[in-house]
Amino acid sequence: MKGVALSVPRFFAAMKLSSETEIELPERAARHCAVLRLHRGNEVVVFNGEGGEFSAELTRVSRDEVRVRLISRQDVERESPLVITLAQCLSSADRMDITLQKATELGVSRIVPVASERSVVKLSGERKIRRLEHWRNVLIAACEQCGRNRVPEIAEITHLADFLAAPCGESARLLLAPDASRHLKSLQPAHAVTLLVGPEGGFAPQERGQAEASGFVPIRFGPRVLRTETAPLAAIAAMQALWGDC
């Protein structure tokens with residue numbers, strides 16, 4: 001196999017990978033293969049999230065088992081030079097999934113789900129654990145689709161006050177706010193950004209004040225008010241165009 005194109009089906013496997021070995025892919029791979037009508041002998045790509053990818057060949061495809069032979073490793077990196085942390089306040093299930101999926105495609109490095117006063121979703125206990133696992137699978141599927149070989153980190157759900165108290169290193173701190181006076185083009189180029197985005201109902205006034213007191217700079221994205229699932233994606237795409245790899 002010479003040079004694997006992004007059109008070749010890609011599968012994530014959270015295990016050690018090495019050339020000329022045969023492995024069983026995770027259970028979800030069987031459903032993926034069925035949808036794509038893949039069969040034994042088809043070319044695929046396998047990655048484990050640690051960088052690089054392996055060209056591979058399907059050796060067994062059944063309803064409940066998929067096995068591949070790893071052939072050779074390619075040191076391929078598709079990460080952006082702009083390190084973006086997205087702190088996204090919890091939104092309803094579909095909206096949150098869309099945000100996480102598309103943010104991954106756009107190159108976000110880390111995602112922090114944030115519980116705020118006006119978040120319509122309240123998660124705790126077993127439901128919280130299941131949702132975090134679901135979100136991680138959303139990120140993995142997005143990486144399989146877009147060609148990334150490193151799965152973004154997703155943090156535990158964090159209350160806004162705790163998030164604001166945590167250090168951000170040398171990262172530029174930006175807060176999306178439709179009434180802000182500054183915009184992205186007015187800022188100095190950054191190599192790392194932490195972007196804080198509110199829930200459907202926006203931040204409560206005291207939360208906005210706490211964020212600004214913690215060093216977050218309010219910025220606007222045009223004269224229109226964007227939905228919570230639209231705003232971070234538009235801003236991330238613009239940041240990648242200004243300072244990243246777009």
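The values are calculated or read from the model by the stated rules, or taken from the named source; none is laboratory data. What you see is a predicted model, and the numbers here were worked out from it, not measured in a lab. As a convention, Cβ positions derive from the backbone with ideal geometry for all residues, glycine included, and neighbour counts pool all protein chains shown. The area values use the complete protein model at the heavy-atom level, side chains included, leaving out ligands, DNA and RNA. Shrake-Rupley method; radii C 1.70, N 1.55, O 1.52, S 1.80 Å.
Observations on the model:
- Candidate set: the range 36-50, residues that are in contact with an Asp or Glu (Cβ under 9 Å, 6 or more places away or on another chain) and in contact (Cβ under 8 Å) with a residue 24 or more places away in the chain; chosen: the one surrounded by the most Cβ atoms within 10 Å (Cβ to Cβ): F47
- Note on the range 113-161: among residues that are of a type in the set (D, E) and surrounded by 12 or more Cβ atoms within 10 Å (Cβ to Cβ), the one that is farthest from E229 (Cα to Cα) is E144.
- Residues (touching a residue at least 60 places away in the same chain (Cβ under 8 Å) and not in a loop (DSSP other than H, G, I, E, B)) located in the range 207-241: E207, P232, L233, A235, I236, A237, M239, Q240
- Evaluation of S181 against (1) assigned to a loop (DSSP other than H, G, I, E, B); (2) open to solvent by 40 Å² or more (accessible area, probe 1.4 Å); (3) at pLDDT 95 or above (one fails), failing number: (3)
- Out of A13, A56, one residue alone is at pLDDT 95 or above, touching a helix residue (DSSP H, G or I) at 6+ places or on another chain (Cβ under 9 Å) and buried (at least 17 other Cβ atoms within 10 Å of the Cβ). It is A13.
- Among the residues listed as S80, S72, the single one being touching a residue at least 40 places away in the same chain (Cβ under 8 Å), open to solvent by less than 70 Å² (accessible area, probe 1.4 Å) and in contact with a Ser or Thr (Cβ under 6 Å, 6 or more places away or on another chain): S72
- Taking the range 1-107 and the strands (runs of 3 or more DSSP E) fully enclosed by it, the elements with 1 or more residues that are more than 14 Å from C143 (Cα to Cα) are at 21-24, 43-47, 53-61, 66-74, 83-89.
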